[in-house]
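All remarks here apply to the structure that follows.
The values are calculated or read from the model by the stated rules, or taken from the named source; none is laboratory data. Quantities reported herein were computed from a predicted structural model and do not represent experimental measurements. Note: ideal-geometry Cβ built from the backbone for every residue, glycine included; neighbour counts use all protein chains shown. Accessible surface is based on the protein model in full, side chains and every heavy atom, while ligands, DNA and RNA are left aside. Shrake-Rupley method; radii C 1.70, N 1.55, O 1.52, S 1.80 Å.
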Amino acid sequence: MFGMEPRVVTAGAVHLPERFSAAQQQGLLNRCRRWAGEPAGLHRVRMPRGGMMSVRQVCLGWHWSPYRYRRVTDDGRPVTAFPAWLGALAVECVTAAYGSADDFAPDVAIVNHYSGGARMGMHQDNEEASAAPVVSISLGDTALFRLGNTDNRNRPWHDLRLSSGDVFVFGGPARRAFHGVPKVYPGTAPPGLDGIVGRWNITVRQTGL
């Protein structure tokens, strides 16, 4: 682990710039590709009103679909196991952000792939029974990340750019804040990152289930 000093965006929300080296980013990217190709791999999520998310995703540990977690995918396939090493990595990130990780015991990851103009609308992460923080790891193209308030999708909000190798941790007062990715900047991935297309985002969480 290396990188710049943590930057507190708002209470409970901490940006860890350049948290992962080029070699670590490549290793995480290789894992994302492997997860994407497994039987319960990348898919687009259909929302309750019929629309499809532009982001594609694969889940580890639990399968997320609006708005619940299950142990199998929507078509009944088993979910890829949540790797212990990824949980340990998330604990290290929470410790770097807050000084300690307390009882943080992550058991699920949602891996998102942004390409071709994909974005993420403002939403809350409310499916988890646990109030433990969310750890978000960025790989590839830089994204404009928007962290809003806990009441609605409107202002006030904070906009920041998350680049490849950055980590964003939000918990405490910011845990249920609305957030989204209104834009990804194509062609901004590090040139040495082999085979990257678009942006990958690994979000690690504790379900409390």
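Structure above, values below:
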{"item": "Neighbours by Cβ (under 8 Å, 6+ apart or cross-chain): first from region 68-83, within 17 Å of Q57 (Cβ to Cβ); second among the hydroxyl-bearing types (S, T, Y) and part of a loop (DSSP other than H, G, I, E, B)", "result": "Y69/T207; V79/T73"}
{"item": "Failed criterion for H63 (all others in (1) of a type outside the set (F, W, Y); (2) within 16 Å of V135 (Cα to Cα); (3) surrounded by 14 or more Cβ atoms within 10 Å (Cβ to Cβ) hold)", "result": "(2)"}
{"item": "All positions within region 123-138 that are open to solvent by less than 40 Å² (accessible area, probe 1.4 Å), out of contact with any Leu (no Cβ under 6 Å at 6 or more places or on another chain) and not in a loop (DSSP other than H, G, I, E, B)", "result": "V134, V135, S136, I137"}
{"item": "Looking only at region 91-114, and only at residues there that are among the aliphatic types (A, V, I, L, M) and assigned to a loop (DSSP other than H, G, I, E, B), the one that is surrounded by the fewest Cβ atoms within 10 Å (Cβ to Cβ)", "result": "A105"}
{"item": "Meets criteria (open to solvent by 20 Å² or more (accessible area, probe 1.4 Å), outside any strand (DSSP E or B) and touching a Lys or Arg at 6+ places or on another chain (Cβ under 6 Å)) for T188", "result": "no"}
{"item": "Residue match in region 58-69 (condition: over 28 Å from D159 (Cβ atoms) and of a type in the set (D, E, K, R))", "result": "yes"}
{"item": "Every pair of residues 6+ apart whose Cβ atoms lie under 6 Å, when the first sits in region 187-201 and is of a type in the set (S, T, Y) while the second is modelled with pLDDT of 95 or more and surrounded by 10 or more Cβ atoms within 10 Å (Cβ to Cβ)", "result": "T188/D141; T188/T142"}
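Results for (1) under 18 Å from W85 (Cα atoms); (2) in a strand (DSSP E or B); (3) among the aromatic types (F, W, Y); (4) open to solvent by less than 40 Å² (accessible area, probe 1.4 Å), shown as yes or no for each residue.
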residue: Q26; (1), (2), (3), (4): yes, no, no, yes
residue: N30; (1), (2), (3), (4): yes, no, no, no
residue: G41; (1), (2), (3), (4): no, no, no, yes
residue: R44; (1), (2), (3), (4): no, yes, no, no
residue: P48; (1), (2), (3), (4): no, no, no, no
residue: V55; (1), (2), (3), (4): no, yes, no, yes
